[in-house]
1. Part of a helix (DSSP H, G or I), aromatic (Phe, Trp, Tyr) and on the phi < 0 side of the Ramachandran plot: is that true of Phe579 in this structure?
2. How about the range 388-434: which of its residues are among the aromatic types (Phe, Trp, Tyr) and more than 22 Å from Arg454 (Cα to Cα)?
3. State the number of residues belonging to the range 761-783 that are open to solvent by less than 10 Å² (accessible area, probe 1.4 Å) and of a type in the set (S, T, N, Q).
4. In this structure, does Gly26 turn out to be within 41 Å of the chain's Cα centre (by Cα) and either buried (at least 21 other Cβ atoms within 10 Å of the Cβ) or at pLDDT 95 or above (or both)?
5. Checking Ile58 against (1) under 25 Å from Glu132 (Cα atoms); (2) touching an Asp or Glu at 6+ places or on another chain (Cβ under 7 Å); (3) buried (at least 22 other Cβ atoms within 10 Å of the Cβ); (4) not hydroxyl-bearing (Ser, Thr, Tyr), only one condition comes out false. Which one?
6. Using beta carbons and a limit of 8 Å, which pairs, at least six apart or on different chains, have the first residue in the range 583-609 and acidic (Asp, Glu) and the second one open to solvent by 10 Å² or more (accessible area, probe 1.4 Å)?
7. Any residue in the range 259-270 that is under 14 Å from Thr39 (Cβ atoms) and among the small types (Gly, Ala, Ser) sitting within a Cβ distance under 8 Å of a residue that is outside any helix (DSSP H, G or I) and open to solvent by less than 10 Å² (accessible area, probe 1.4 Å)? List the pairs, counting only those 6 or more apart or interchain.
8. Please verify whether Ile79 is not in a helix (DSSP H, G or I) and not charged (D, E, K, R), treating the condition exactly as stated.
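The values are calculated or read from the model by the stated rules, or taken from the named source; none is laboratory data. Since the model is a prediction, treat every value here as computed from it, not as a measurement. Methodologically, a virtual Cβ is constructed for each residue, glycine included, from the backbone with ideal geometry; neighbour enumeration extends over all protein chains shown. Quick note on the areas: whole protein, heavy atoms, side chains included, nothing else; ligands and nucleic acids left out. Shrake-Rupley method; radii C 1.70, N 1.55, O 1.52, S 1.80 Å.
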Amino acid sequence: MSDQVLPFQSRFVSVAGHKMHYLDEGSGPVVLLFHGNPTWSFFYRNVIRELKGSFRLIAPDFLGCGLSDRTPGTHYRAIDRISQLQEFVDALGLERFSVVMHDWGGPLGTGFMLRNLNRVDRVIYLNTTLTETESLPPIIKLAAMPVVGKLLTRHTATFVKLTTSMGAHRKLTPDIVSGYRFPYTTRQRRDAIWDFVADIPFDADHPTYTQMMEIAAGLPKIAEKPVKIIWGLQDPCFHREMLSKVAAHFPKAEILEIPEASHLVLDDAPQVAIPAIQEFLSRPAAVTGHEMPRAEPVVDREPGSIHAVYGEVARLAESMPAAVAVVTPRWVRDPINGSALHYQQTNYADLLKLMNQYQRGFAELGLAPGDRVLMLVTPGADFLALSLAVAGRGATPVFVDPGIGLKRLSRCIQDADPAAFIGSPRAHLLRFLRRSLFHRIKFHVTASEWAFSRGYSLGYFKRFANAPIAPVPLPVLRDDGSLRARDAALIAFTSGATGTPKGVVITNSMLRHELSIIRDVLGQRPGTKDLTLLPIFSLFNVALGVASVFPAMPAGKPLALDAAQAVKLVGDLGIESSFGSPTLWNKLAEYAFRTGTTMPTLRRIFMAGAAVPKSTIELVKRVVPNGEIATPYGATEALPITYVTGEEILGGQWQPAVTGEQGTPVGKPVPGIDVRIIRSTSDSIKSISQAEALPAGEIGEVIVRGPIVSPEYLHRPDANRSGKIIDGADFWHRVGDLGYVDTSGCLYYCGRKMHSVYTADRAFHSVPLEEIFNTLPKVRRSALVGTRGWREPAIVIEPLPQFWPDTAEKESAFRAELEALAGQSELTRGIKAFFFHRSFPVDARHNAKIFRDQLGDWADRQLASRQAA
């Protein structure tokens, strides 16, 4: 019956041990025709009929598709299908060819062409996607979910039926509909349809993500070929935005937009598309058609003055009232164009008016100087206005990362002992889950237009005047557990990556010095825009005249950031700087790289929160051609401590420690900061005279002193005793890191002190050792842990998804590679235990700090299981 559907001779060739069906019609220059999902070679029947007099047209069916063999129990990924195309072409002995691709045929054909660049003449893309998976519509993402997806694609013919209904702009005749559905009439014959959908790499954990990145790296080479793009603009799946992104890869490509055609463009507009294909393929080789007011210095003041950030914002509202302070993207439904991204901008004058309204409301509610206010507000203009209104009343805003987990969050709230609570509707669920933590609050505010369970909403504050109001000076707080008296400007809790989060008291004096360093060393300038990936950093921005642009990012889940939207924000708004973790910036850079996008307006990228791999710096540099990358080193208790640029890291001659470890260079101290390396100890050190200073090159504990160093933790006298070292009238802070300095004074980071593993023979330090294992191409990241009560070092590996050892043989081979690598260095020769973990537990704030205590416990359980076996 197949000859009644296809008016051409069916041919078969053995590929991967199965029969692959293909059509081979005509003579002349070879043209390969690659179909998509859930179609087959039938899609190209009209092209073959019209062009076979001038070309040899070859249209294979992928294994499991069309009339090719089904492969029960075998599931192919993109890399498998690319290899099968290679085997197919080699079996036919083809030397040169042009390639036409549709839908999934686009990325598969591109991967195949990258292996055969010198054999490719011309390239034609029809409604497809190459690396733009974020832009696929919800129906495709829904179809990729196992339960729903298998129902749509395998157990029923819904996906096929949608293709011939929604995928066509004009109604297809019954014989055409039957032709498309002919190979997919039973569940067993639709397995490959699900396999294709399940193989779409929507995130970096997907096994095919690496293949997509390889395609992204090779697209500039394809762009050197003559390229034509033919697109049906009514396609609900590969819409206009997808066309723009695909076209961006090929600056010299010819683009044919067909307004009255959809996904099945060759059926909707054969009279337009097929002549265009013929004309482009027929051209002689020589005719290819393819031939973007400085702020005043921050003045120091004595304790008891107004909040430093509040004062600067009030001054800027007077000196540059129309300057933008905050930009918040909003998706707005447009009745004509559908959803569109709009930017809600708040200038300094309006921000101050909002602060004034909130201050009057807080005064009415009884907020007093020195009160601590728990802030769990979604980033945006209200986040800044509410925080600064609290500060304007002389109270202390308290910031906690909401993603640290309920248990740790509860401990933080207990330590903070807040007098008031301001939070998003979701955050107010805490008052029901942990009622005892809020017994002392005077009032609570829901940061939205409606109140959650009584209390007050933002609507309450609208009845107050927005006229100027005199701010209240910060009180000089004295607390029995304090190291010294200080004016607390805000309290920021640590991420808790090395234990229970602690409330760091940030004084007004600290804030002023930090603002000066961020302005003078980091180079933040008024009138510019910053992509703010760490919300609390917006407090520095707003004080320096820098507009904070807040991308949509779920609270406590920074890695859920929409990379496509963030990159769009940079381009739309001309953003010049960004501060974020290396994990977040690696995600943004990967997206930009594989979509062929650059961010030329960016001038400064700051990555902090964890050690920054050279590979991340190199990747970011590729997509930020005009920017300087910097990796300031510091902690919540002291930021920044040192500063180094990406250029220096990539081009510097870095010195190892005297014991051979190569630490991560983090630069020299910023002005006003002293750094010292002392002999590491777990005991408290009461006086600096009791601390043994170490010479250059020797690894020890990092301690710092200076005006940006916090003097104390809130309500944690134990942490103050163990974390501070008295030096006369001054003090040093024990950062909790290990490192060394070289002869030039540059600091090298060797990991957290508690992450080192000590044996009777030597010490194993996390960062230098992990860098050795991270060089293996199969490894996403590694972590040093201790087993058997932390007496034996072990390495836990998080492999790239496609290299997960899912069989005993693969695990044994992978472990052998690790053992061989460990044996090559004196530093790692003592490591004998290796474990594989699918996804490391990490902190919510940076998504980069590994919870090694949890990994160590897990490794102990794994080791016990091995011994029992």
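1. No, not satisfied.
2. Phe399 - this is the single residue of the range 388-434 that is among the aromatic types (Phe, Trp, Tyr) and more than 22 Å from Arg454 (Cα to Cα).
3. 2
4. For Gly26, the condition - within 41 Å of the chain's Cα centre (by Cα) and either buried (at least 21 other Cβ atoms within 10 Å of the Cβ) or at pLDDT 95 or above (or both) - is not met.
5. Going through (1) under 25 Å from Glu132 (Cα atoms); (2) touching an Asp or Glu at 6+ places or on another chain (Cβ under 7 Å); (3) buried (at least 22 other Cβ atoms within 10 Å of the Cβ); (4) not hydroxyl-bearing (Ser, Thr, Tyr) one by one, Ile58 breaks only (1).
6. Close Cβ pairs (under 8 Å, with a partner that is open to solvent by 10 Å² or more (accessible area, probe 1.4 Å)) amount to Glu590/Ala204; Glu590/Met213; Glu590/Leu619.
7. The qualifying pairs are Ser262/Gly167; Ser262/Gly232; Ser262/Asp235.
8. No, not satisfied.
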